[in-house]
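All of the numbers you see were taken from the coordinates with simple rules; none came from a lab. All of these numbers come straight from a predicted model, not from anything done at the bench. Note: ideal-geometry Cβ built from the backbone for every residue, glycine included; neighbour counts use all protein chains shown.
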Amino acid sequence: MDDKDDPVHREFGHPAGGRHAVASALTAFARQGIPLKVVESFRAANRAGGFDCPGCAFPDRNDGRGVDSCEQGQKAIAWEMTRRVADAGFFARHPLAELRVWPDRELENVGRLTQPLRYDAASDTYRPIPWDEACRLAATGLAALNPGAVAFYTSGRSSNEAAFLWQFLARAYGSAHLPDSSNLCHEPSGYAMKDMLGVGKGTCTLDDFEAAELIVVIGQNPASNHPRMMAALHRAAARGATVIALNPLDELGFRDFADPKELGGLLGRGARVARKVYRVKIGGDLAALKGVMKSLLARGEALLDQEFIAAHTQGFEALRDDLAAESWDAILVESGLTRAEIEEITDLYAASRATLCTWCMGITHHEHAVATVQTIVNLLLLKGNVGRPGAGAVPVRGHSNVQGNRTMGATGKVPARFLDQLEAVFGVPVQRAPGLDAVGVAQGLLDGTLRGFLALGGNFGVAIPDGPRVRAALENCELTVHVATKLNRTHLHPGRLGLILPALGRTDRDRDEVVTVEDSMSMTHASRGIQEPLSPAMRGEPALVCALGEALLPGAAPWGKMAADYGAIRGRIEACLAGVFDGFADYDARVGQPGGFWLPNAAARRQWNTASGRAEFRVHAMAEGPVHRARRRVGPQVLALMTVRSHDQFNTTVYGQDDRYRGIFGGRRVLFMNARDLAGRGIADGAAIAIEGLAEDGVPRQLHGFRAVAYDIPEGCVAAYFPEATPLMALSLASRITATPAYKEIPVLVRPAAAG
């Protein structure tokens, strides 16, 4: 076990991507002892007849040419394809008390889970049990609990088939507490766009990247988090499109990127992708975008798409009046941009005939996330940039099927018509009341009102704010059940009855079955594993959920038939979603077509499923956030912390200690700080520091063992890695309306370690 975390900061000196990305991918397979499997992966990942990458949700090219995967995806694939196993012998040797002090990456690096496990309190270990006993115990435990006290979490890695069955099992049992990955990432995007456009999904396809004249990347670092998007941006810039970014950090991928799929990229020849990165302050995007709209309107309404506004929208006058009254001083202070920079962005937007705005968690992880997303959509609507080629709204989801899981109903709130059809198709009543989201479930665990927790994948106790307290609360549950491919920290905090059920991953062959997924741009397609499972005791997630259903609710569904034939699941998906979402006719037949099929998006066709039948402008003031309130309460020394991810991780899974794009090597416990902020606190570059979270609930939260790194970040702003910094967050620190954790807007104090 290697738990060394001793970071150093030095310049990388090479482009993002390129041959270093290829070398890193090859190294990932070598470290897992499977160097030759990289060839299988390159041939099958995101290809017709192959498997969908378990990493990000950026769409596949589907042109059949070359490799369509990236360094980040290949690391996720190597992590899953490993031949290492966390078997009975491993668990017998390592009590949970010992494993809790292991680093997260070492826990997952043990290998794949290969048999059902039950926690034994006497020995403090997990012990193997037969499948039938595991299912019987889970069913007995659930039957003893009030369904309203049980939550069913869904990870964005799960397939459409598994997610659909999972939510049906929960609702037929009597619980609609269905927190999901979207609660922790893009919930504000879905809410904001559905409210304004009638559809809670992005309005573009990958083809629009080929037609856009201007692409605005907001709150996003695609080189680390979804590198295949960098290839799309690179191609757009090369053909003459203008790419700009609004982001607190001038990430390497924006200024120097080499596509590893091109000869020049392999030779190390990089190119600038973003014409300019506009360095907004953390949380300053809403102000910056209001500034652009104010500037645009000041130049005259002739620059707007007046015909589109008149025919397709409502609320323009209120937005126009709000922008006219907005103070330029406030816009500049809150955004961190200069007036000249805002005018530059306005020049580009005014001249563009097709603008695409894309964003990620740098927008959604704020208290005012919904308002900011709606401000992005306002900007697009002013020039009719929704529903035409090369234009539209593109929220890039984090996990590969988080959007598909939501389409399948794996969430606490669904349309009444979906519930009607669920009952009609299966012939049993389901829970119709809305359920708790992820933050609500965490609060329920803390206050003891939730007594059971089941997870279809994921690492809930690490991803959620207040992780240490939530993990401790899981131990007070009567029942915890984790469907998982690998061990993670949340599994180390079982309830009184604690079960782990081993699942096949995306790369594993599940007999001759395929599963389906939906990417960020509503393309739905099949995924088929390519390698033999490590153990016959590992089960595909759809069959696994059927086994739980047969044990808990034997008469509620033809569980055996669906476990034996996933097409029977898709037939029920089609029947339940018909009329709820467009595009599900002949679902089972269509998933086999090369490249899959697009789920129609009404807003992309300028059909607005809103109460007014029009796209709705929404007006939002620039309101105080948690950092403003903390500065008023504590003083100007309060800093705004955003969590970030390296290219050596995916969500909570950390593959290694390096972040070469930011020049960090050998560790992750660092805090990126502006040099003036360091000097003002008497902290030297590289010095040990203590970080204090300033939540408004009064609970003390501190982190030690971090080092300060002088970095080019706006003054008053700092950054640290997720999930290492999440213990500084309170559950109450979340977006308004959607309760998505505000991981990018944490008020903190930073002191030299001796003063901590």
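Tabulated data
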quantity: Ordering of 164-172, 551-559 by packing [mean C-beta count within 10 Å, highest first]; calculated: 164-172, 551-559
quantity: Within straight-line cross-link reach of K744, lysines at Cα separation under 16 Å, skipping those fewer than 8 residues along the same chain; calculated: K281
quantity: Radius 14 Å from Cβ of V481, net charge of other residues (Lys, Arg +1; Asp, Glu -1); calculated: +2
quantity: Cα gyration tensor shape for segment 541-590, rounded if a/c is under 1.5, else prolate or oblate; calculated: prolate
quantity: Segment 303-355 versus segment 374-419: alpha-carbon centroid distance in Å; calculated: 22 Å
quantity: Within straight-line cross-link reach of K201, aspartates and glutamates at Cα separation under 15 Å, skipping those fewer than 8 residues along the same chain; calculated: E187, E518, D519, D582
quantity: Sum of side-chain charges, L252 neighbourhood, beta-carbon under 9 Å (Lys, Arg +1; Asp, Glu -1); calculated: 0
quantity: Cα point-scatterer Debye curve for segment 1-126, base-10 log of I(q)/I(0) at q = 0.09, 0.15 Å⁻¹; calculated: -0.37, -0.87
quantity: Separation in nanometres of the label points that stand 7 Å from Cα toward Cβ, at N146 and S535; calculated: 3.7 nm
quantity: Per-selection Kirkwood Rh - segment 407-525 (Cα, Å, 1 d.p.); calculated: 16.5 Å
quantity: Mean separation of Cα contacts under 8 Å (6+ apart) over length of the chain, as relative contact order %; calculated: 21 percent
quantity: Estimated 222 nm signal from helices in the chain, with DSSP H stretches of n ≥ 4 weighted -39500 (n - 2.57), rounded to 500; calculated: -10000 deg cm²/dmol
quantity: Estimated distance in nm for a label pair at Q306 and S327, the labels positioned 7 Å out from Cα along Cα-to-Cβ; calculated: 3.3 nm
quantity: Within segment 187-396, percent of DSSP bridges classed antiparallel, to nearest 5; calculated: 5 percent
quantity: Listed peptides 119-131, 645-657 by packing density, highest first (mean Cβ within 10 Å); calculated: 645-657, 119-131
quantity: Prolate/oblate/rounded call for segment 536-625, Cα gyration tensor, a/c under 1.5 rounded; calculated: prolate
quantity: Residue-count net charge about D712 - beta-carbon cut-off 9 Å; Lys, Arg +1, Asp, Glu -1; calculated: 0
quantity: FRET efficiency for A23 and A97, using Cβ-Cβ distance with R0 set to 41 Å, rounded to 0.05; calculated: 0.60
quantity: Isotropically averaged projected area of segment 31-89, using the convex hull of Cα atoms (one quarter of hull area), nm²; calculated: 4.8 nm²
quantity: 4 °C / 1.567 mPa s Stokes-Einstein diffusion coefficient of segment 187-396, Kirkwood radius on C-alpha pairs, µm²/s; calculated: 75 µm²/s
quantity: Average Cα contact separation per residue, segment 665-747, under 8 Å, 6 or more apart, as relative contact order %; calculated: 35 percent
quantity: Efficiency of FRET between E133 and Q593 - r from beta-carbon atoms, R0 45 angstrom, step 0.05; calculated: 0.60
quantity: Of K37/K75; K75/K276; K37/K261, pairs whose Cα-Cα distance is over 22 Å; calculated: K75/K276
quantity: Added length on full extension, which subtracts the Cα-Cα distance from 0.36 nm per residue, L446 to R736; calculated: 102.3 nm
quantity: E317 paired with R10, simple spin-label distance in nm, labels 7 Å along Cα-to-beta-carbon; calculated: 6.5 nm
quantity: Cα centroid separation, segment 180-223 to segment 78-117 (Å); calculated: 36 Å
quantity: Theoretical gain in end-to-end length, E210 to R629 [0.36 nm per residue, Cα-Cα removed]; calculated: 146.5 nm
quantity: FRET efficiency, Q702 to A88 (Cβ-Cβ, R0 45 Å, nearest 0.05); calculated: 0.70
quantity: Antiparallel %, DSSP beta bridges [both residues in the chain], to 5; calculated: 40 percent
quantity: Most positive-pole-ward Cα, A369, G666, P103, against dipole of the chain from beta carbon charges; calculated: G666
quantity: Most to least packed among 507-516, 734-743, 282-291, 322-331 [average Cβ atoms within 10 Å]; calculated: 282-291, 734-743, 507-516, 322-331
quantity: Aspartates and glutamates whose Cα lies under 14 Å from that of K194, excluding same-chain neighbours fewer than 8 positions away; calculated: E616
quantity: Cα gyration tensor shape for the chain, rounded if a/c is under 1.5, else prolate or oblate; calculated: rounded
